[in-house]
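Reading through the structure tokens given below for one structure.
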Amino acid sequence: MKTLFLATLFLPIAFAAELTLSSPLNHQVCQRNTPLKISGSLPQAAKNKLTLEARLGENLWTKIGSLGAGKTNFTAQLNSAQTGWHHLEIRAKSEGDILHTGSVARLGIGEVFLIAGQSNSANHGAKKLTVQSGMVTSFDGTKWQIANDPQGGASGRGGSFIPPFGDAMAKRFDVPIGIVSTGSGGTSVREWLPKGSRFPNPPTVLNKVTQLENGEWESKGLLFDKLANRLRILGPNGFRAVLWHQGESDANQRDSTRTLPGALYQKYLTQLVQESHRVAEWKAPWFVAQASYHTPDDPGSPDLRAGQKALWTSGTALEGPDTDALTGANRDKDGKGVHFSALGQKKHGEAWAQKVAPWLEQQLAPIEVFILAGQSNMEGQGVVSMDHAKYYNGGKGNLVWSIQNSASKEKMAHLRDGDGNWVERDDVEISFKARDKVRKGQLSVGYTGYGNHSHIGPELQIGHVLGDHFTTPVLLIKTAWGGKSLHKDFRPPSASGDTGEYYTKMIAEVRDALYVLGNRPYQLKGLIWMQGWNDMVSKEATAEYADNLVLFAQDLRAEFKAPTLPFIVGELGNGGPSKEGTGMHSFRQIQRAGTVRIPNARFVATTQFARPKELSPNPGHGHHWFGNAESYFLIGDALGREMISMLGKK
């Protein structure tokens, strides 16, 4: 009896009051690699300041926040990389006493998908299907439950493609799958637009649109509001992608005035995607299916399909399945219906998995991140196509000219496609902030301080070299400003004096670019530094350069907790070989000497890439390699290949 009494003294949790959790909910699946939002309320206001703690399963308790005296509601976050199903516990403590507890019996951490569109995205299939894996749950706007048909939150009382899709994804990735369905049968893309969005002709069904006095029509915004509600509930990076299956109610309508041309379909769906990004507060990926089939006599609309495909080629959306190809036994009413049969529902789910899974595998592969930093020559001064006879030397040495006439023309051929357009690499992204605006997209020409497609820097060929080398995605974070010195502007914290303003800005820009990755894993692989002109023209700055360079590498590695981060220094090679005794010659020697003192760093010579000013677009700009595009291309090539060499060294 005494032993029992002593034991109970150490169980204050037995007298704790139950708290109410509004998030997460039982059976909910939360997007992996995104902080788990925990919110709820106490049964009464806290008398004293409380410490909030949480744990998954048998993990150690983790402090997730605090709640002040007099407060009732709380919101906090728990970071966890553990996928699978878990038991979540929450507790509120005061001076060691556990006053309140709460729990979620079954919480999944895995992959979440939001489904939108019309009937074949909803519950209008011939047979109600059930989840076979036990790994798939769905959200109806209020609660989560096993994702057996019909799917909550979507129209119809029949079956869907969700159970076979969810099972296929769960099997392939071995994680819980969460589904948020919003599909509504018989709807046009016009009905999905935000309230007040106008269009000249109405859809076939009019209950979600309004005619204006001038004859135009506008959306009531009912479907968009529902979509927006789910986006806000899920939060930024709270799901993996939107799967859009719609088009039948815009294609080949009996009243031809209500048929939506493919070009307008592209326009309206682009608007919908952009508005969803605004509401969601992040650029959630959208997959768009090819869907325009009605019957065997009306198997699809080439025009509408072209509009759907245009969304892929424009980069607005990713390629979804071609469900117009699911005909015959895959359709209900003995193959004569617009909806799917039980077989077709399964094929539909498998088709979505076949499109989404390879993309998701790529998303789960760590992004290889490289920092490109420096001053104006890293910013990029290589002229692309400007060819004014007076101001650009008739175009000699620009990128267009170099691809046709330079000694490197064969090496540069990959920069253009068969139609003469500048290649955009979908496996290499670049992020660069210029003029207070971040530009991010697929690697191509134009990521310089000029804000258009007029110039290139070393990043263009660096990206091509790294993209060819890696099988996983590559991200270049470029952070550069013209006319800046290491002595003052980039001065590292460990050097005496004030930390440079642009050192601080550089760190902030890199962190901002990494933050935008959201739930995508990444590996910081290396830094390429190309800078020096403003130090070279100052005797004081030149004298300190080697020491400052060593401290710069040291501090930057410490900032990103990467003590052996590969570090490459590009030579200030402007003008080609220098004469001994000149300031340029001395500075280059100091650059090299400083690099040698940095562990896991390499110096890349660039003087050999200088081209005559007579064959360059900016003959008066020696500090910018005369604007010669071949020079910038070859510098990037050398820097990229040296980085690969470093990474390959065991």
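The values are calculated or read from the model by the stated rules, or taken from the named source; none is laboratory data. Everything numeric here is computed off the predicted structure, so don't read it as measured data. Quick reminder, even Gly has a Cβ in these numbers, built from the backbone with ideal geometry, and neighbours come from all protein chains shown. Note: areas computed on protein heavy atoms with side chains; ligands, DNA, RNA excluded. Shrake-Rupley method; radii C 1.70, N 1.55, O 1.52, S 1.80 Å.
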Cα Rg, Dmax, region 135-241, angstrom units
16.5, 55
Roughly how tilted is helix 302-313, in degrees to the nearest 10 and between 0 and 90, from the longest Cα axis of the chain?
50
Percent of Cα pairs exceeding the 16 Å cut-off, where the set is region 559-616:
52
Region 157-163 - phi-based ³J(HN,Hα) in whole Hz, Karplus 6.51/-1.76/1.60, Gly and Pro as x
10, x, x, 9, 8, 5, x
Here the relative contact order (percent) of the chain, from C-alpha pairs under 8 Å and at least 6 apart, is 10
Paired Rg and Dmax values of region 78-140, which use every Cα atom, in angstrom
18.1, 59
Using a 1.4 angstrom probe on the protein heavy atoms only, could you order His277, His414 from most to least accessible area?
His414, His277
Classify region 189-255: rounded, prolate or oblate, from the alpha-carbon gyration tensor (a ≥ b ≥ c, eigenvalue square roots; a/c under 1.5 rounded; otherwise prolate if a/b is larger than b/c)?
oblate
Quick one: what Rg and Dmax do you get for region 293-373 from the alpha carbons, in Å?
17.3, 63
Would you mind computing Rg(Cα) / (2.2 N^0.38 Å) for region 575-650, counting N as its residues?
1.26
Please list 38-50, 261-273, 367-379, 331-343 highest first by mean number of surrounding beta-carbon atoms within 10 Å per residue.
367-379, 261-273, 331-343, 38-50
Positive-end extreme of charge dipole, the chain - chosen from Tyr447, Val29, Pro619 (charges on Cβ)
Val29
Could you tally the net charge around Thr51, taking each other residue with its Cβ under 15 Å from the Cβ of Thr51, Lys/Arg +1 and Asp/Glu -1?
+3
So which trypsin sites (Lys or Arg not before Pro) in region 214-255 are both in a DSSP loop and have at most 11 other Cβ atoms within 10 Å of their Cβ?
Arg254
At a 10 angstrom cut-off on C-beta neighbours, averaged per residue, how do the peptides 205-212, 391-398 rank from highest to lowest?
391-398, 205-212
Given the convex hull over the Cα atoms of region 42-174, what projected area results after averaging over all orientations, in nm²?
9.8
Which FRET efficiency value, to the nearest 0.05, is calculated for Ala605 and Trp282 with the Förster distance at 41 angstrom and r the Cβ-Cβ distance?
0.45
Using the alpha carbon gyration tensor of region 370-464, what are the three equivalent-ellipsoid semi-axes (square root of 5 times each eigenvalue), largest first, in whole Å?
22, 17, 12
So Leu60 and Ala306, fully extended at 0.36 nm per residue minus their Cα-Cα distance, gain in nm 83.2 nm
Would you work out what percent of the accessible area of region 562-650, with all protein chains in place, is carbon or sulfur (probe 1.4 Å)?
57
By how many degrees, between 0 and 90 and to the nearest 10, does the Cα long axis of helix 629-648 differ from the longest principal axis of the chain?
70
Scaled by the rule-of-thumb 2.2 N^0.38 Å, the alpha carbon Rg for region 426-540 gives a ratio of 1.14
If you keep only loop residues by DSSP, which GluC sites (Glu not before Pro) in region 65-151 have at most 13 other Cβ atoms within 10 Å of their Cβ?
Glu95
With +1 at each Lys and Arg Cβ and -1 at each Asp and Glu Cβ, the charge dipole magnitude of the chain around its Cα centre, to the nearest 20 debye, comes out at 980
In square angstrom, what is the accessible area per residue of the chain with a 1.4 angstrom probe?
44
DSSP beta bridges in the chain [antiparallel fraction, %, rounded to 5]:
50
Using alpha carbon coordinates only, what is the Rg to Rh ratio of region 232-389, with Rh defined as the Kirkwood radius?
1.11
Expected vector for region 67-78, Karplus 3J(HN,Hα) from phi with 6.51, -1.76, 1.60 and θ = phi - 60°, integer Hz, x for Gly and Pro, equals 9, x, 4, x, 8, 10, 8, 9, 9, 8, 9, 10
Rg over Rh of the chain, using C-alpha atoms and the Kirkwood radius, what does it come to?
1.05
Looking at region 58-116, which trypsin sites (Lys or Arg not before Pro) are DSSP coil and have at most 14 other C-beta atoms within 10 Å of their C-beta?
Lys71
Using +1 at the C-beta of Lys and Arg and -1 at the C-beta of Asp and Glu, which of Pro150, Gln404, Gly382 has the Cα lying farthest in the positive direction of the dipole of the chain?
Pro150
